[in-house]
Each structure stands twice: as structure tokens, then as C-alpha cells.
Amino acid sequence: MTQRTLVLLKPDAVRRGLVGEVIGRIERKADWKIAALELRQLDRATLEQHYAEHVGRPFYEPLVEFMLSGPVVVMVVDGERVIEGVRQLAGPTDPIAAAPGSIRGDFGTIVRENLIHASDSEESAIRELKIFFPGLS
Ligand code: IDP
Ligand code: MG
């Protein structure tokens, strides 16, 4: 089942020079393909749309500030079961709970700065791809 997902490498990943490491893990999965990739400084309006489900939560404002703190890598990845697959590579939200071998488990310590975002369902992927790559068919 070929799918398309949105992946963000968060400002901590870019600042720490982990872009190659993380993209390498994605690229090495058989037959997954990068369909779009850009280093981009996000703005508040984009993040408000992207994180709409979290508005009002105590971590929301610090999360948005963090996501504005430097450029992110925005990318689109296509491939076999790639939505579930990138979530597996990332590991759970809390990097200390994430297993070693996962991106968050190998490189993260605090929940907010957990290196990577990946769409969590087909519905989320469609919604998020429209926000970040409105022209992509
Ligand atoms: P996900 O990125 O694993 O899907 P979500 O629950 O959708 O996790 O939360 C979005 C992002 O918000 C997380 O990746 C993390 O950066 C941040 N976040 C979530 N929960 C907390 C929290 O309890 N404290 C601080 N930041 C959080
Ligand atoms: Mg999420």
C-alpha cells in the first residue's frame, strides 16, 4: 500500500546537525522516496494550522515558540506503509520512553524537542500535506 506522509525535522535536529542522520534512516528503508524537501523557516500561522489539535494545551505555546526558533526541514516521503513506518522510525513522543534504535530514543531527552514530526494517519497526512505543500499533486 503506497502512501504519502509529511515529515518535519524540527529545529533541534537542524541545530544539532542531525539532518543527514535522520534522512539517512528514512532513505535506507526499501523503496521509500523523497518527493519534496526544503529547509524552511516556519511562521506562526502555519504552525497554528499544523498543531490546531493542541491549541489550549499547556505545552502548545512553548511548542510553537520552539518550532519558530530556527529553520526546519519539511519533506514529503512516498512509499510502502510510510505513514506508520516513519512513526515507527521516530518512536513515541517522549524520547526517554522511546526505544533505543528509534530516532527519538537515540537522540532525544525532552518531550518538546523530540527531533521529528511525522503524520499519524492517512487523514492527518492529507491535511498536513495541504498546509506545507499546497501545490504538490
Ligand atoms: P507526536 O509528535 O508524537 O505526534 P503529539 O502528541 O501530537 O506528539 O504532540 C505534538 C508535539 O508536541 C510533540 O511531538 C512534542 O514536540 C510536543 N509535546 C507533546 N506533548 C508534550 C508535553 O507533554 N510536553 C511538552 N511538549 C509536548
Ligand atoms: Mg501528533
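None of the figures in this text is laboratory data; all of them are computed from the coordinates on show. For clarity, every value in this text was computed on a predicted model and none was experimentally measured. Cβ coordinates were reconstructed from backbone atoms using ideal geometry, including for glycine residues, and neighbour counts include every protein chain displayed.
Is the C-alpha gyration tensor of the stretch 67-136 telling us rounded, prolate or oblate? Criteria: a/c under 1.5 is rounded; beyond that, a/b larger than b/c is prolate, otherwise oblate.
Oblate is the answer for the stretch 67-136, as a/c is 1.5 or above yet b/c matches or exceeds a/b.
Among PRO134, VAL22, VAL76, flag the residue with its Cα farthest along the positive direction of the charge dipole of the chain, charges on Cβ as +1 for Lys/Arg and -1 for Asp/Glu.
Looking along the dipole axis, the top candidate is VAL22.
When only Cα pairs under 8 Å and 6 or more residues apart are kept, what is the percent relative contact order across the chain?
37
Could you compute Rg(Cα) / (2.2 N^0.38 Å) for the chain, with N its residue count?
0.97
Let me check I've understood the local charge: for PRO11, count other residues with C-beta under 12 angstrom from its C-beta, Lys and Arg +1, Asp and Glu -1. What total comes out?
That sum, taken over residues with Cβ under 12 Å, equals +2.
To the nearest µm²/s, what D does Stokes-Einstein give for the stretch 1-64 at 10 °C and 1.306 mPa s, using the Kirkwood radius over alpha carbon pairs as Rh?
Rounded, D is 113 µm²/s.
Roughly how many debye, to the nearest 20, is the charge dipole of the chain about its Cα centre, given +1 on each Lys and Arg Cβ, -1 on each Asp and Glu Cβ, and no other charges?
Roughly 220 debye for the chain.
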